[in-house]
Every structure is written in structure tokens, then in C-alpha cells.
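Let me begin by presenting the structure, written as C-alpha cells, before commenting on it.
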Amino acid sequence: MIRNLILAAVFLSAHFSLFSQQVVCDRTAKFGTADICLPAIEGYTECYTDPKVKPLADATEVPLNMVLGYYINDATYENIEAIDKMEDYFKVYGTKQLKDLPATTKEISEMGEMLKGSFITKNWEELAKDIKIEGLDMEVGVPVVVKSYNINDESFSIIMIVKYAIEGAEPYDVVLTVNGFLSNDRLVWMAYYLLFEGEETVKEIESKSNEILSVLQKAGA
């Protein structure tokens, strides 16, 4: 039961100089009794509490999750009221059922393995061949995993491509990473989104996501 709840919570729902000697929290969010540091990330604005952003962030999150931080590309944020499609952003969030449960590398490993086996998987080379032959033909809302990996033993990362459909607009493809990591002894999630524009987008999102994840981990150590 808890496995299905967590899967639903995760899936129904960037080159920067990101590293410094000291991580500064822009804001701290409560996740159960734990304080989750939301650090400054160059190129992005953390804006979950902004009244223009919070309704959007909450409306696109499933009830099993709680949004902790919402980071939008600076250029997008400056024009947020004129944007009809988000192109470069990431969120930090938690699964409510886990908010008071301490987590270790054991839980990180188990969760990563469970998620990897729960979705359609194609390596990028295989998927790229299909795209060259017939274009990116994907079912709306069904993620395809193109890579899964760990940058360290306190996190895991999965790269996916998914087709989104919004009423009144043409469907569009997004590449995203789903990352589970330890922050103040809790299992917390980070999901990063970019519009899919081919193989270079996949390479870009992996590099940016890894850098962001490293800063988030440092902040939560």
C-alpha cells in the first residue's frame, strides 16, 4: 500500500557556478519536525510563497505530496504573469506519509531500485533510434525512463521523458529528472523540468540536475 502511495505521489504530480564554501538558506521549510534548507541557486528564484506562484505549484501537485520549495528560472520569473508554459524550473517536495520517518542510505537505495523497476525503460540510444525513424511518439502522461544513476550513496536520480497535454494547447514533450535525497535525515524529492528539444536536452538536464542536487544535499547535510 505505502509503495503505491509513494509511486503516485512522485509521478502523478539546472551551466551555473552553484558551488560555494558555505550554503545559504534562502528559506527554511518544515517537513514534519525536520527543517529543510532551501538554498540560493544561481539562475533561479525560490518563489513558492509568492502569491502568483503558490496556487500554480499547489494545483499541479498531488494530495499525497507537499511542496517545500519551488524554483523558477530568473528570466521566466520576471515575466511570470505572461508565461503560459513553464520551461525551466524545479521543485523540492516531500511525501506526507514520510515526513516524520527518519531515513538513511538504506531507504534511499531501496526507493531508487523500486522506482527504476516501476516504469517503461528505454536507454537513450534505443529511444534516439526510434525518434530518428518516426519521431517522438509517446502516450500522454506515461513517462519513459532513459537513464537511472546515483551521484552518491545518499541520493538517486532518474531521467524521464513525458508528453504533457494542456486543454486548449498542443501536447508538448518534457524531459525531467526525479531525484530522491537525504535532507536533515528525511527522504526528500527534487524534480527538475526542461522542454524536450532532442539529445542535447537530455545531456543538459543531467548536468544541471546533478549540480542542483549537490547543492541541495550540501544544504541538508
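The values are calculated or read from the model by the stated rules, or taken from the named source; none is laboratory data. Values in this document were obtained by computation on a predicted structure and should not be read as measured data. Don't worry about glycine lacking a Cβ; one is built from the backbone with ideal geometry, like all the others, and counts go over all protein chains shown.
At a glance:
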| quantity | calculated |
| --- | --- |
| From the options 176, 182, residue that is at pLDDT below 95, assigned to a strand (DSSP E or B) and not charged (D, E, K, R) | 176 |
| Within the range 185-221, considering residues that are among the small types (Gly, Ala, Ser) and outside any loop (DSSP other than H, G, I, E, B), the one surrounded by the fewest Cβ atoms within 10 Å (Cβ to Cβ) | 207 |
| Answer residue from the range 153-173, given it is surrounded by 13 or more Cβ atoms within 10 Å (Cβ to Cβ) and touching a Pro at 6+ places or on another chain (Cβ under 8 Å) and is modelled with the lowest pLDDT among those | 164 |
| Qualifying position, being farther than 18 Å from residue 190 by Cβ, at pLDDT below 90 and not small (Gly, Ala, Ser), among 52, 106 | 52 |
| The range 33-50: number of residues that are surrounded by fewer than 16 Cβ atoms within 10 Å (Cβ to Cβ) and under 23 Å from residue 60 (Cα atoms) | 1 |
| Matching residues, the range 64-83, being of a type outside the set (Asp, Glu) and over 17 Å from the mean Cα position of the chain (by Cα) | 75, 76, 77, 79, 80, 82, 83 |
